[in-house]
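Worksheet: the structure to be examined is printed underneath.
The values are calculated or read from the model by the stated rules, or taken from the named source; none is laboratory data. Worth saying up front: this structure is predicted, and the values here are computed from it rather than measured. Because the Cβ atoms are built from the backbone with ideal geometry, glycine has one as well, and the counts that use them run over all protein chains shown. When the accessible area is computed, the model is the full protein with side chains, heavy atoms only, and any ligands, DNA or RNA have been set aside. Shrake-Rupley method; radii C 1.70, N 1.55, O 1.52, S 1.80 Å.
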Amino acid sequence: MEDLYQEIILDHYRNPQGRGLREPFQAQVHHVNPTCGDEIDLRVHLEDDNGVMRVADVSYEGQGCSISQASASVMYDSLAGRTLDEALEALGRFQEMVQSKGEIAGDEDTMGDAVAFAGVAKYPARVKCALLPWLAWKDAAMQSMDDVPSMDDVPSMAGVRVEGESNG
Amino acid sequence: MSVAISPGTIDVRRVREDFPILDRSVRGGGRLVYLDSAATTQKPLAVLDAERDYYLTSNAAVHRGAHQLAEEATEAFEGARARIADFVGARADDVVFTRNATESLNLMAYAFSNATAKAAHGAPLPPGAERFILREGDEILVTEMEHHANLVPWQEVCSKTGAILRWIPLTPDGRLDLSSLSDLVTDRTRVVSFTQQSNLLGTINPVAPLAQAARAVGALVVLDACQSIPHMPTDVTALGVDAVAWSGHKMLGPTGIGCLWATPETLASMPPFITGGSMIETVTMEASTFAEPPKRFEAGVPMVAQAVGLAAACDYLDALGMGNVAGHEASLTAYALEGIADVPGVTIVGPADLVDRGSAISFTVDGVHPHDVGQVLDSSGIAVRVGHHCAWPGCRAMGVPATTRMSPYIYNDTDDIDDFIQALGRVRQVFGEA
Ligand SMILES: Cc1ncc(COP(=O)(O)O)c(C=O)c1O
């Protein structure tokens, strides 16, 4: 059980980063995990930063277990302020790790606190909890891209897996 | 609900020998403490043996072949029906086999939407089917504690027919608030469908007054007995209701079989639900007529092995005595409620006393999400359920997003409850809440 409830996860659960719904934003989504009732409302604000799309803010409110709530906090730390490309890569790495059934440990240098979720991969019922905020972010980011001023050619979302979508 | 209670008359040690799964270890060597029987029960060897024997000796498609095996299989299947019917005090012909309680409840709900759709263009209906024809503004009454299986099908009926769904609200301690019953049961009420025992809260509902109020306005009464038939002696014909749904897998039986009992008049007046082979009387290219109940509602090759297994489960439970089962559960429930009350920061969701309450106990732990509570218990080998228990509106009414639920059965004893309470006491430490 200690591999699941790592101290980093409990810290994020007790002191969530970036929590609260903020302005401005282009898209807001509501995702739920229908098997256990975890919910998240999430907003994404993308900005055109001299031709590079940047995740200017991710803001959220949610309720749920320690895994889903800590994951939202770690997601905020991992994605806010990054370029959209970097953020999508971070999502890809996180998703790959938690869906790996324990095969992929994750790399602390590139993933930061998100590696603490490697233990979740061994608890199939909790993978959805961990992915809930990240997939909500992806959904909101995709919707936001249509609304970012002066971004004509947006990076492709190809390669981001849609399976495991958690809004039921 | 008056239940014959004879406490402590189940020899749990002896019973556990019939459930080898309870001897396995979990999570790296810990003893398994299975407290999730409201979700599904474990199966005794007698049930597994009965299924295996059937496949080893008599397996064939029932009601079809001209050969000896087909005869034996048909006999096994119909014999199982008679045995299961007898377990609940019913006639064999009034028991329909389904996949599970969910399908049984859908069968009832579809009788309404199908009859309404057929009546709209004058298609033939069985005599007496008027009871199942809904008009816009007719009302269907459920309760706020229903399992989704007894809620969503009725919502669907409403959206197909223009009927209106109403519900009996809950009191803060998780009982039905019957103070406005006379406003809720009106001459527009056509169906009253409710659970005898809540899988979320453990509450046992007063069937008789609800059924009487419903019948007084001519409404059909459907009872979800999924959480009651496995736990107390039941005579479905004495409940004063028109139909009763339950699942085999929550009463030691196999998965893949459920039952619907209904009065002969009710079954006879219902149009079919799932159609195809075995449920017909005659078939031409233009149209078909349908068999008498129960076959009218059993299309295709049925679940013979599961029926045989469920009959064996009835034998097993009757050998223990359902009064003893109820008594054993009542004493475990009392013991568990007392133990839980002594754990700081734990709140029971549902009745905290023993009056009209079954053995499923939902609770929350201050500062720790139910899912995390379940995970910590699991690390001690204790299997409980977490989430909204397919009763999401009931959770909302109780002001909780979810709960953790323990639900003991005949193979649990006070040692299991002690282990559970001890592990529960550790939960808040893990999360630094205590
Ligand atoms: C009260 C109640 N009704 C209906 C059901 C549905 O049973 P099944 O899933 O076997 O169809 C359940 C099962 O959890 C239940 O507890």
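Points to keep in mind about this one:
- Any hit, the range B:18-39, residues being in contact with a His (Cβ under 8 Å, 6 or more places away or on another chain), small (Gly, Ala, Ser) and away from the ligand (no atom under 16 Å from the Cβ): no
- Some residue of the range A:3-12 being hydrophobic (A, V, I, L, M, F, W, C) and within 14 Å of the chain's Cα centre (by Cα): no
- Boolean, residue B:430 is open to solvent by less than 20 Å² (accessible area, probe 1.4 Å) and not basic (Lys, Arg): no
- Screening the range B:366-379 for residues that are at the interface with chain A (Cβ under 9 Å from one of its Cβ atoms) and surrounded by fewer than 23 Cβ atoms within 10 Å (Cβ to Cβ) and picking the one that is nearest to residue B:205 (Cα to Cα) gives B:378.
- Those residues of the range A:1-44 which are touching a Ser or Thr at 6+ places or on another chain (Cβ under 6 Å), within 14 Å of chain B (Cβ to nearest Cβ) and without any contact (Cβ under 8 Å) to a residue 40 or more places away in the chain, in sequence order: A:1
- Each residue in the range B:22-34 was checked for being in a helix (DSSP H, G or I) and under 17 Å from residue B:385 (Cβ atoms), and 0 pass.
- Any strands (runs of 3 or more DSSP E) falling wholly within the range B:333-434 and containing at least 1 residues that are away from the ligand (no atom under 16 Å from the Cβ) and either touching a helix residue (DSSP H, G or I) at 6+ places or on another chain (Cβ under 9 Å) or aliphatic (A, V, I, L, M) (or both): B:346-349, B:361-365
- Residue match in the range A:116-124 (condition: farther than 24 Å from residue B:433 by Cα and away from chain B (no Cβ under 14 Å)): yes
- Single residue of the range B:274-299 satisfying the filter (hydroxyl-bearing (Ser, Thr, Tyr) and not in a loop (DSSP other than H, G, I, E, B)) that is surrounded by the fewest Cβ atoms within 10 Å (Cβ to Cβ): B:282
- So residue B:166, is it assigned to a strand (DSSP E or B) and either touching a residue at least 60 places away in the same chain (Cβ under 8 Å) or within 16 Å of the ligand (Cβ to nearest atom) (or both): no
- For the range B:341-365, a residue qualifies if it is over 27 Å from residue B:23 (Cα atoms) and either within 14 Å of chain A (Cβ to nearest Cβ) or without any contact (Cβ under 8 Å) to a residue 24 or more places away in the chain (or both), and the qualifying residues are B:341, B:347, B:348, B:349, B:353, B:355, B:364, B:365.
- Residue satisfying all of: in the range B:204-234; part of a strand (DSSP E or B) and within 11 Å of the ligand (Cβ to nearest atom); nearest to the other protein chains (Cβ to nearest Cβ) among these: B:224
- Of all residues in the range B:410-427 being within 14 Å of chain A (Cβ to nearest Cβ) and aliphatic (A, V, I, L, M), the one that is surrounded by the most Cβ atoms within 10 Å (Cβ to Cβ): B:427
- Looking only at the range B:389-409, and only at residues there that are open to solvent by 10 Å² or more (accessible area, probe 1.4 Å) and farther than 28 Å from residue A:2 by Cβ, the one that is nearest to the other protein chains (Cβ to nearest Cβ): B:392
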